[in-house]
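The values are calculated or read from the model by the stated rules, or taken from the named source; none is laboratory data. Fair warning: this is a prediction, and the values are worked out from it, not measured in the lab. Cβ coordinates were reconstructed from backbone atoms using ideal geometry, including for glycine residues, and neighbour counts include every protein chain displayed.
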Amino acid sequence: MSKIYDVIILGGGPAGLSAAIYSSRSKLDTLVLEEKRKAGGQPTTYEDMENYPGVLGKTAPELMEDFREHAEKFGAIIERGEAEDIEVDGFLKTVKTKDGQEYKGKSVIISTGAEPRKLGVKGEEEFKGKGVSYCATCDADFFVDLEVVVVGNGNSAIEEAIYLTKFASKVTVIVIHDEGIMDAEKILQEKAYQNDKIEFVWNSTLDEVKGEGLVDTAVLKNIKTGEKTALSCDGIFIFIGRVPRTDFLEVTGVDLTDNGYIKTNQKLETNLAGVYAAGDVRDKFLRQVITAASDGAVTAMAAGGYIEEEEYWQENVLEAEEDVLVAFWSPTNEDSLEMINKLEAMDLADRGVKLVKIDTYKNTLISERYEVEEIPTVLKIKDGEVVDNLVCPSLTEVEEIL
Amino acid sequence: MLEVDKNSFEEEVLQAEKPVMVDFWGESCTVCLELMPGVEELAEKYSNEMKFCKLNIKGNRRLAMSQQVMGLPSMVFYVDGEKVEHLSGDDLTIEEIEEEIKKHI
Ligand SMILES: Cc1cc2nc3c(=O)[nH]c(=O)nc-3n(C[C@H](O)[C@H](O)[C@H](O)COP(=O)(O)OP(=O)(O)OC[C@H]3O[C@@H](n4cnc5c(N)ncnc54)[C@H](O)[C@@H]3O)c2cc1C
């Protein structure tokens, strides 16, 4: 049988690498599957990392190198592969990759991030690599002393517009909103206004890309008046948001929002037990490196807890030789504490019955699976099956099922 | 693969007898670096039928632009000194490159 990992992480961006640091440091056998030759995710495509706490003199790609090294230091394995499917068979999950490999694990963390959204206008596809770009650090070199257009007004668009002024002679930012309104943070807006090389066109979108061989014109459309104007330029950078990489999940049954983001609960669990989502790929308010890293930590710890609970249950209850009495209790419930005391005083072991206590406050997985709603609850399990179910039982009732 | 630059481009690419594929790349282009090993393999596999060159755009920016390359990665195909195809985009795959090679040999 092939190796079974504790945690399989899909995608080696900030979220995936942070999850790998936390899980491998907790001695969980950890595999990161990354589709690209180089791990690091989106930050490998831009330069400035201005808001990651404690990181002052490093570029975004350098920070990602550190993330990767940190994960590998604790023993995480990073392999190349594009995840295409996740199959969940109870505790065992199988991840299939595009090149036909199969990996088995006890838990899966999905951190496949997001990719740039295409605008879908005429000429966009045709002029890719000929002046239309989605990555400033990749292509900025070409535009030294030339004039470029940036489409978009969120953080990425404005950050990249500022970055491009180090190369281009003029950067025109196309904003869909009314004059003075941008989605980017105020501090970025201020920087952009103060930059002499940046100009703005308001209430407008890109309507068409034109050129002969190379881009020479951006046709802009005013969304208020419908009027079109031709702006001559040498390059067009498009930063109009990103779309989550979740198309491969459609067949797996992982719940997604209408926009394709993964739905998660507080522990960042998806609707499938033992499958988690971290980073830009999940439905959340702020998509940044720090929140991706935070998600990574949460999912790794949640996955660790899940594995522990599941393995404890399997070993002590489902695979037990003798009959098992499972007592669900909680440290805040007096009645349940009292019952535990009584059960412990019954010398069950001498009577060939094993007592297993489940703290419902810590272990929600098992209580939810057995639909335990009130405590104390006592289940009698024989060969892995529930044979008796008592809610708030008296001692005589317990005696009866023994 | 033969490394070409602005001085050798004319002779090695435009005057070549065989069809030529030029891999335009740059150090900050991660997609280019990712494709490189696969491209090297293709260069081995088709070495009899096609000539394979690579061009680092650093220092050769004007040459790249004269070839209408303004974004990376870019794989440009030449037959008898004429540019016949230009593949580009960060979603470019080795399979697509191989397809294109087959069209010109
Ligand atoms: C231009 C730009 C500027 C930005 N500036 C900042 C900034 O200054 N500060 C900040 O905090 N944030 C910034 N961000 C946002 C930040 O980069 C993201 O929030 C962060 O990268 C999200 O991390 P992630 O790990 O969730 O996803 P990603 O970074 O998208 O990583 C996902 C990884 O998964 C891989 N992958 C995808 N699908 C699969 C698959 N099926 N199988 C295997 N692997 C797969 C991808 O190759 C990628 O490596 C910026 C983003 C952009 C685009």
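In the set (1) surrounded by 22 or more Cβ atoms within 10 Å (Cβ to Cβ); (2) more than 9 Å from the ligand (Cβ to nearest atom); (3) hydrophobic (A, V, I, L, M, F, W, C), the condition left unmet by A:ILE4 is number (1). Filter segment A:263-293 for residues that are surrounded by fewer than 15 Cβ atoms within 10 Å (Cβ to Cβ) and near the ligand (Cβ under 7 Å from one of its atoms); which is farthest from A:GLY54 (Cα to Cα)? Residue satisfying both the conditions and the ranking: A:GLN288.
Scanning segment A:162-201 for residues that are more than 14 Å from chain B (Cβ to nearest Cβ) and in contact with a Lys or Arg (Cβ under 9 Å, 6 or more places away or on another chain) yields a count of 9. Tell me whether segment A:216-227 contains one or more residues that are away from chain B (no Cβ under 14 Å), in contact (Cβ under 8 Å) with a residue 24 or more places away in the chain and surrounded by fewer than 21 Cβ atoms within 10 Å (Cβ to Cβ). The answer is yes, given that some residue of segment A:216-227 is away from chain B (no Cβ under 14 Å), in contact (Cβ under 8 Å) with a residue 24 or more places away in the chain and surrounded by fewer than 21 Cβ atoms within 10 Å (Cβ to Cβ).
Okay, residues lined up against (1) more than 32 Å from the chain's Cα centre (by Cα); (2) assigned to a loop (DSSP other than H, G, I, E, B):
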{"site": "A:SER294", "(1), (2)": "no, no"}
{"site": "A:ILE307", "(1), (2)": "no, no"}
{"site": "A:LYS354", "(1), (2)": "yes, no"}
{"site": "A:ILE358", "(1), (2)": "no, no"}
{"site": "A:SER367", "(1), (2)": "no, no"}
{"site": "A:GLU374", "(1), (2)": "yes, yes"}
{"site": "A:VAL378", "(1), (2)": "yes, no"}
{"site": "A:GLU400", "(1), (2)": "yes, no"}
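Of all residues in segment B:87-104, those being more than 15 Å from B:MET50 (Cβ to Cβ) and either in a loop (DSSP other than H, G, I, E, B) or within 7 Å of another protein chain (Cβ to nearest Cβ) (or both) number 6. Of the residues making up segment B:60-86, those that are part of a loop (DSSP other than H, G, I, E, B) and crowded, with 20+ Cβ neighbours inside 10 Å number 7. On inspection, B:PRO37 fails the criterion of being within 14 Å of chain A (Cβ to nearest Cβ) and closer than 28 Å to A:ASP145 by Cα. From the list A:GLY213, A:GLY279, the lone residue that is farther than 20 Å from A:THR364 by Cα, small (Gly, Ala, Ser) and away from chain B (no Cβ under 14 Å) is A:GLY279. All of (1) hydroxyl-bearing (Ser, Thr, Tyr); (2) surrounded by fewer than 14 Cβ atoms within 10 Å (Cβ to Cβ); (3) closer than 21 Å to A:ILE86 by Cβ hold for A:THR332 with one exception: (3). Here's a check for you: in segment A:29-52, which residue that is within 10 Å of the ligand (Cβ to nearest atom) and away from every other protein chain (no Cβ under 14 Å) is modelled with the lowest pLDDT? The qualifying residue modelled with the lowest pLDDT is A:GLU50.
Kindly indicate whether A:ARG68 is buried (at least 17 other Cβ atoms within 10 Å of the Cβ), within 14 Å of another protein chain (Cβ to nearest Cβ), within 12 Å of the ligand (Cβ to nearest atom) and of a type in the set (D, E, K, R). Taking the combined requirement at face value, the residue satisfies it.
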